[in-house]
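The values are calculated or read from the model by the stated rules, or taken from the named source; none is laboratory data. Just so you know, these numbers come straight off a predicted model, no measurement behind them. Here the Cβ positions follow ideal geometry from the backbone for every residue, glycine too, while neighbour counts run over all protein chains shown.
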Amino acid sequence: MYLKEIYTIKAPYRESMNIRGYSFGKGDKAACILGPVRGNEIQQLYICSQLVKKLKELENNGCISSGKEILVIPVVNNYSMNVGKRFWGEDNTDLNRRFPGNPQGDTTDRITGAVLEAVKDYGFGIQFASFYMNGEFVPHVRMMETGYQNTSLANLFGLPYVVVRRPRPIDTKTLNFNWQNEQTAAFSVYTNKNDEIDDKSARQAVAAVLRFLTRMGIIRYESHSGYISHVIQEEQLTNVHSMSGGIYRRQINPGEEVRYGQIIGQVIDPYEGGVRENITAPTDGVVFFAHTQPLIHEGDIAYRLIHRLHE
Amino acid sequence: MIQTVVSAGLPVGENLMIQKKRMMGKQTEGPGSFGRISIVTGIHGDELEGQYVCYELARRLEEASEQLYGIVDIYPALNPLGMDTRHRAIPQFEMDMNRIFPGNRDGAVMERVAASVVEDLIGSDVCIDVHSSNAFNREVTQVRISQDFKERLLPFAKLLNTEMIWLNATETVHESTLAHSMNMLGVPTLVVEMGLGAAINMDYGNRIVDGILNLMREMGLWKGAVGQIRQPAVVLDSAIQFIRAQKEGIFLPSISHEARVEKGEVLGRIVDVLHTSVQEEITAPCDGMVFTLREYPMVYEGALLMRILMEQGEESGQSCT
């Protein structure tokens, strides 16, 4: 293993922010794994750190395939992480909305430009990312529908679900979209948490990446075969909205099956304590996403269901 | 009359409400129709220049209401929670509201709100989206137009009494803005930018109010007085020089906003306070006018310090009128 310096940004009164990659094996740029670009993606940082630990072991045991190189960048934005901010501290810019970046551009464009330059030549790209809505997901691999996406490859992670999202204009500035445009087979892996550690789903994510690398012939590693993934188009998910605001009582977890008409959540009157609304399942299905905040707005998405799917 | 465009219940004892002021004038000429202009502002909660524009426009219209024809809709706060908390994005959601248009009726709550705003604006003959700059850079009055809509919008933009019209190269991300969405839906929508975030420059505001009244006069919506209207410079990206910090530190400008500068002139320094040293001296790469000037002194490498509108005849400049 050796360290690669990707980019350094200096600040007047802080130590420099050094973006570093850990390189394993030698040869073709086979796979790149990227950790948090947002400051609250602590689970994603944890997963990457565990991957670095595991790949060190595998390299020491001669289990990285000959002629293959793997790069892990455990964190892009440690500056924001250290001050408890999700976005770039100075101007609240979301780094994952600044790709492909620009070496002559603004500070954040320079950071993302340098990162994309460092990762664009790898055959496979895996990003541990977070979604714009607060809540918990079932673990899944997410891809943008760019025309270059390959759901068969995404299946090889062995996670329960693969989600294909038709990009909206705002998505064109994400790493995933731009990585695919650079001809890298890019995947975003989502576990259930962001700003807290969930060991079980972190282990599942590490195993999924190692399984994928094994199946692509990049490492030699014995692992469980995982799931045959269920592929979902994002627009086919059924959104369940709350019709009122208040204190939110969630009753179902991601991955659980629900039946049509089942009460899956309640909105409680924040002053008087009574039930303001019973949120019911509009269809049979499996919970893909669940709102987890203790408060809910009128119109918030309480759940996203995979229509008519059974466990 | 005050109308509620959209309301959504917040968790504890409050509703999020986006409201507008509708001012009805006399019927405009034509087959029984009323012309309609909409003024929107406050998409970014830290941009307040539009507050004065909305107030002053409504005040002048009310003062001479007999001169008003058609309908004027004023939306002073599209992101009321952001304005209340001096927050650029939508608080809690941490989303830039100007990146979620045209919204989504089946989406998250703010996407639904955005969809309601768009539906309400449909039917306007013209829409003007008033922005301030952010808290970092001071801007002259300008209209920014995406190249895609240049032919349709330029005649309206020239009436708005701004210093310049900037024909922006189209970036895909512009597609999620209110202006792009409305233009795609057939409502000519212009973005006015000026001043500084979290502040009000009443001189700039008065110029824009004059410009809106001038536009309304051309549309047949206003028969009252209009101040003197300036002719804007219409410029492409290639007529603009961006000056960015190459070093981190504290930026100390030596020129003022809107200054005319000459090539080679010292425009400022970036200093290292701890070591009492000059990190970088910034000089003008061309003759021109400083239309953007950084106000927030702390800079990283890459921070925008100034934009210079190059004087016509400059080698790579391509102004067009």
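In table form, for the structure just shown:
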| read-out | value |
| --- | --- |
| Residue within segment A:189-205 that is of a type in the set (Gly, Ala, Ser) and buried (at least 22 other Cβ atoms within 10 Å of the Cβ) present | yes |
| Conditions (1) among the small types (Gly, Ala, Ser); (2) surrounded by fewer than 23 Cβ atoms within 10 Å (Cβ to Cβ); (3) within 14 Å of chain A (Cβ to nearest Cβ); (4) touching a residue at least 40 places away in the same chain (Cβ under 8 Å): number failed by B:GLY45 | (2) |
| Single residue of B:VAL6, B:VAL12, B:VAL118 found to be part of a helix (DSSP H, G or I) and surrounded by fewer than 21 Cβ atoms within 10 Å (Cβ to Cβ) | B:VAL118 |
| Matching residues, segment A:43-71, being of a type in the set (A, V, I, L, M, F, W, C) and closer than 13 Å to A:ALA205 by Cβ | A:LEU45, A:ILE47, A:CYS48, A:LEU51 |
| Members of segment B:127-172 that are in a helix (DSSP H, G or I) and within 14 Å of chain A (Cβ to nearest Cβ) | B:ASP148, B:THR172 |
| Number of the condition not met by A:GLY62 [criteria: (1) more than 29 Å from A:GLU196 (Cα to Cα); (2) in contact (Cβ under 8 Å) with a residue 12 or more places away in the chain; (3) surrounded by fewer than 16 Cβ atoms within 10 Å (Cβ to Cβ)] | (2) |
| Among residues of segment A:119-140, those that are away from chain B (no Cβ under 14 Å) and either hydroxyl-bearing (Ser, Thr, Tyr) or free of Cβ contacts under 8 Å to residues at least 12 places away in the same chain (or both), counted | 1 |
| Counted residues, segment B:164-173 - those being touching a Ser or Thr at 6+ places or on another chain (Cβ under 9 Å) and surrounded by 20 or more Cβ atoms within 10 Å (Cβ to Cβ) | 2 |
| Long-range neighbours under 6 Å by Cβ, at least six apart or interchain, first residue assigned by TED's automatic domain parsing to the domain that holds B:PHE156 and touching a residue at least 60 places away in the same chain (Cβ under 8 Å) within segment B:179-191, second buried (at least 24 other Cβ atoms within 10 Å of the Cβ) and among the hydroxyl-bearing types (Ser, Thr, Tyr) | B:MET182/B:THR189 |
| Pairs, first acidic (Asp, Glu) and outside any loop (DSSP other than H, G, I, E, B) in segment B:242-271, second surrounded by fewer than 20 Cβ atoms within 10 Å (Cβ to Cβ) and modelled with pLDDT of 95 or more, C-beta under 9 Å, six or more apart | none |
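Table: residues versus (1) outside any strand (DSSP E or B); (2) over 17 Å from the mean Cα position of the chain (by Cα).
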site	(1), (2)
B:GLY45	yes, no
B:TYR55	yes, no
B:LEU61	yes, yes
B:ILE74	no, no
B:LEU78	yes, no
B:GLN92	yes, yes
B:PHE101	yes, no
